[in-house]
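Novice: Dropping the structure in here first, questions after.
The values are calculated or read from the model by the stated rules, or taken from the named source; none is laboratory data. Bear in mind that the values here come from a model prediction, so they are computed numbers and not experimental data. For neighbour counting, all protein chains shown are included, and Cβ atoms are generated from backbone atoms with ideal geometry for every residue, glycine included.
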Amino acid sequence: MNFLKKIVQKLRWIQLKKAQKRAFENEFNEFSSKSNRNFKLDFDDAIPYLNDKTSLTAFDAHYIYHPAWASRIVKEVNPPVHIDISSTLHFCTQLSAFIPVEFYDYRPAMLTLDNLKSLKADLTDLFFESNSIDCISCMHTIEHVGLGRYGDPIDPNGDIKAINELKRVVKPGGTLLFVTPVGKPKIVFNAHRIYGTNDIVQLFQGFSLRNFSLVKDNNEFVNNATVEQAYDENYGCGCFWFIKDK
């Protein structure tokens, strides 16, 4: 067992109550007495996971729903290539199974999959030509720009610069999929910003809102929501499908 694994095991074991330890040991012994397969089984290798016996499977609603929302739209748009800027890697890697994808990040990811390019870009200074991209996404990213969390320069207006760059590179009539935390506006330094939905719409002047969908604080996903539905959220997930005006 490597050193890190031993530390994880000890920390988990220390945090358990006596009754939990006893229950875990009983389950281990029961499994051991019934096991007759060719696996090494040693209690020194055990790492207790005791919080997964739930009636329902938990999930991060923001990061389950927004890539699913975006994938359906990209399928509908069906561009020759999709450009993604710094969204979750689950999105670009899975989308590339069906459509060519170029993924760009301030901290490039070393991904090696066919149909997928993974390269470096600075969202506040994109190298794409103006009015050149058919379909682009930037999801759960803009709220971090300028806070320094990911090694980028401290800049209170970094998010505005990034939004202006996204607006610049989209073709007239082109699609921009934009996702960010929404609700009561505030900055949780240095984690993220939370935006008012009306503020986002105003920042994207020159674009029409084709669809707004929302993950609420209670994890409910509302497709075709109204921007007003997000006003009272504390940390909602706003999914904006913008079309650049011609």
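Novice: What number of residues within the range 12-21 are surrounded by 11 or more Cβ atoms within 10 Å (Cβ to Cβ) and either among the β-branched types (Val, Ile, Thr) or modelled with pLDDT of 75 or more (or both)?
Specialist: Of the residues in the range 12-21, 4 are surrounded by 11 or more Cβ atoms within 10 Å (Cβ to Cβ) and either among the β-branched types (Val, Ile, Thr) or modelled with pLDDT of 75 or more (or both).
Novice: Are any of the residues in the range 128-136 of a type in the set (Val, Ile, Thr), surrounded by 16 or more Cβ atoms within 10 Å (Cβ to Cβ) and touching a residue at least 40 places away in the same chain (Cβ under 8 Å)?
Specialist: So far as the range 128-136 goes, yes, one or more of its residues are of a type in the set (Val, Ile, Thr), surrounded by 16 or more Cβ atoms within 10 Å (Cβ to Cβ) and touching a residue at least 40 places away in the same chain (Cβ under 8 Å).
Novice: I need the full set of residues from the range 221-246 which are in a strand (DSSP E or B) and among the hydroxyl-bearing types (Ser, Thr, Tyr), in order please.
Specialist: Within the range 221-246, none qualify.
Novice: For the subset of the range 131-160 comprising residues that are of a type in the set (A, V, I, L, M) and in contact with a His (Cβ under 8 Å, 6 or more places away or on another chain), which member is farthest from His66 (Cα to Cα)?
Specialist: Once the filter is applied, the top-ranked residue is Leu147.
Novice: Same structure again: Taking the condition over 24 Å from Ala61 (Cβ atoms), in the same structural domain as Leu147 (by TED's automatic domain parsing) and of a type outside the set (Asp, Glu), does Leu203 pass?
Specialist: yes
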